[in-house]
Every structure is written in C-alpha cells, then in structure tokens.
Amino acid sequence: MSGQEYCMTEFLRVSGVYWGLTAMDLMGQLHRMNKEEVLHFVEGCQHPCGGFGPTHQQDPHLLYTLSAIQILTLYDSLDVIDAEQVVKYIVSLQQEDGSFYGDHWGEVDTRFSFCSLACLALMGRLNAINVDKAVEFVLSCMNFDGGFGSVPGSESHAGQVYCCVGALAIAGALYHVDADQLGWWLAERQLPSGGLNGRPEKLPDVCYSWWVLSSLKMIGRIHWIDKLCTQAPKGQQKLLFLKQSFHNHAPGEVRALHNGKPRRGDGRLLGPPGGLGGPVSHPLWARGPVPPGEQTG
C-alpha cells in the first residue's frame, strides 16, 4: 500500500483492524497477531471524552468506538482503556426520542443505535441508557415492507435491517418484528447468481451476504435462503457461507418453498417472551463488522 493509500484509508483504520482480527480469530490464528501492538494502537485512539477515533488524532465517533470495544472484548482487555468514560460518551449521544447521534455533529442513523447498544452490551452497561426509548426509535424506522431504514420514512436497506434487528435482539425486543414479512423481504435479496443485494434492483455484493444472512439467522428464517443456488446457470452454482445447522427448524415453523420463497406452515408467529425463533445461540450482533460508513449498494 502506498503512502497516499494509507492516508486515504485512515477513516476506517480501527474498523479494519477489527475485521482483520476477527478473520484471524475465526481461523484459529489470532495468536499470530501482536496483541500488545494492537492494544497500544486502540488505546491511543481514545479521546478524553471517552469516544474513539479511527486512528490517532482523528475525531471520535460511535462507529469507531464500537470497533475499539469489539477489539478489546476479543482480547478480554477492556481494562486498558477508560471504560467509564466510554459509557458516559455513549450516554451523552442519546436523544430524547431514543435515537443516537453518531458524534457531536448531530447525525442520526439507526446504525448508531446499534453501535451504542452493542458497545454497552459488550461492556455489561446496557442499563446506562434508556433502552425502552432506544427500542421505540428503532421501531419507528420500520417500513411497510417489514424492513428498516436509517431514520423514520427512509428506504429499507439490508445494512440498516441488520443494525435494527441486532439492536432489538440486544434489547430483548425482537418480538416486535414480523418475522414472516421481514424474512420475505430479506429472502428476496437473493439473486440468480446466489449472491445477495442490499435493496431491490441492485447488484449483489458479498457484504450484503453478511447483512442479510445474519438478519435471517436472528429472526429464525435462515432456511429461506437457497443454500445451493439451484437457479444459477450450470457451472456457476455457488455455495453460500452457511452451515447445515442453520437449516434446523422445529416442526410447524414457517418453512420455505424452493428458490428461497417462503410460505406459512401452521401460520404461527413466534413472540414473547422467548423472542423470534427463541434465544439467539450465536450473538451475531457481537461478532459482526461495524456498519459501513457509506452504503451505496
């Protein structure tokens, strides 16, 4: 990477570190990374206000704060930073309607709701914010198609769906979601190639494989995706990144037709107190990458 490229990617440095470490951890190779150097870098990204910037001497933001907390959680090293200041920073960004600013400039987005809840959940401090109001705001961003947008009235987008479903999962409020309706919208994101897009009429992108499949997993509808992509042209069939265990579901649950199109079994919707599809066995919100700063797909 050239010096220019290195400077141009400063805005995602700490998030890139998290993505790389997560990949190494998933492959059982985290021990090959220099833990002390990583922790030193992350520690230097924290500001007196408690928030983290993408790299040293860059402004703090919730997106980078989540990446930093995820890295420290991965290494079980939250003690190397001022954790109490992180909590205060996040609390200071919650607004009266339950939404969160991304930073002191005042942009509101459901990505920031997810970042805030995920950070505090990982730190065991979820009670520091008004969770009920946070849930209320996220639900206000739900659309007629079952999806979610960045703010009330904005277009449904797979990245925002992941953030909102993840936030609701953390808050124990997934029962507010119609799993059938949202599951159908998410399943419709799969294209003949097997890839998934972020919204209707867009091209597939592997990042949306994560947003869509993770969301489907959290609402118990992962089996609505065509795992083997049977519609793909011969020689181009692709196996999506799923495990066979994802396809386990109880008798009578909503099932799927071929081509990933859902239909009802006995018409039963799962609701409280267990939430949609029961408890989430793998907290995808805790291991997922930080929502992208720019979503163009």
* What percentage of the solvent-accessible surface of the stretch 125-217, computed with a 1.4 Å probe over protein heavy atoms, is contributed by carbon and sulfur atoms? -> 55 percent
* Please identify the trypsin sites (Lys or Arg not before Pro) of the stretch 156-237 that satisfy two criteria: DSSP loop assignment and at most 14 other Cβ atoms within 10 Å. Which are they? -> LYS234
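Suppose a student asked you for the relative contact order of the stretch 139-203, using Cα pairs under 8 Å spaced at least 6 residues apart; what percent would you report? Write down the numbers at each step before the final one.
Numbers: 67 pairs, mean separation 17.2, N = 65.
Value for the stretch 139-203: 26 percent.
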* To do: Return the sequence-ordered ³J(HN,Hα) values of the stretch 173-180 in whole Hz as given by the Karplus equation 6.51 cos²θ - 1.76 cosθ + 1.60 applied to θ = phi - 60°, using x for Gly and Pro.
  => 10, 5, 5, 6, 8, 7, 4, 5
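In a shell of Cβ-Cβ distance under 15 Å around GLY53, excluding GLY53 itself, what net charge do Lys and Arg (+1) and Asp and Glu (-1) give?
Numbers: positive: ARG13; negative: GLU10, GLU43, ASP59, ASP82, ASP103.
Taking every other residue near GLY53 into account, the sum is -4.
Give me the 1.4 Å probe accessible area per residue for the stretch 26-87, excluding ligands and nucleic acids, in Å². Present the calculation step by step, with values, prior to reporting the outcome.
Details: 3070 Å² over 62 residues.
I get 50 Å² per residue for the stretch 26-87.
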* What number, in percent, do you get for the relative contact order of the stretch 1-61 if the mean sequence gap of Cα pairs under 8 Å and at least 6 apart is divided by its residue count? -> 31 percent
* Find the relative contact order for the stretch 123-172 and round it to a whole percent, using C-alpha pairs within less than 8 Å whose residues are 6+ positions apart. => 27 percent
* Put a dot 7 Å past each Cα toward the Cβ at LEU191 and ASP145; how far apart are the dots in nm? -> 1.5 nm
* Where a label projected 7 Å from the Cα of ASP205 along Cα→Cβ would reach, residues of the stretch 145-178 with amide N under 20 Å -> 147-151, 154-166
* Structure fact -> Label model pair TYR175, ASN34: point-to-point distance (7 angstrom along the Cα→beta-carbon line) in nm is 5.1 nm
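Please work out the average accessible area per residue across the stretch 135-197, using the 1.4 Å probe convention, and give it in Å². Let's see the in-between values first.
Numbers: 1890 Å² over 63 residues.
That works out to 30 Å² for each residue.
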* How far, in nm, would the chain grow between SER154 and GLU96 when pulled straight, counting 0.36 nm per residue and subtracting the alpha carbon separation? -> 18.9 nm
* Net charge contributed by nearby residues that have their C-beta within less than 11 Å of GLY98 (K/R +1, D/E -1) -> -3
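The values are calculated or read from the model by the stated rules, or taken from the named source; none is laboratory data. Quick caveat, the model's predicted, so the values are computed rather than measured. Using ideal geometry, Cβ is built from the backbone for each residue, glycine included, and neighbour counts are taken over all protein chains shown. With ligands, DNA and RNA removed, areas are computed over all heavy atoms of the protein, side chains included. Shrake-Rupley method; radii C 1.70, N 1.55, O 1.52, S 1.80 Å.
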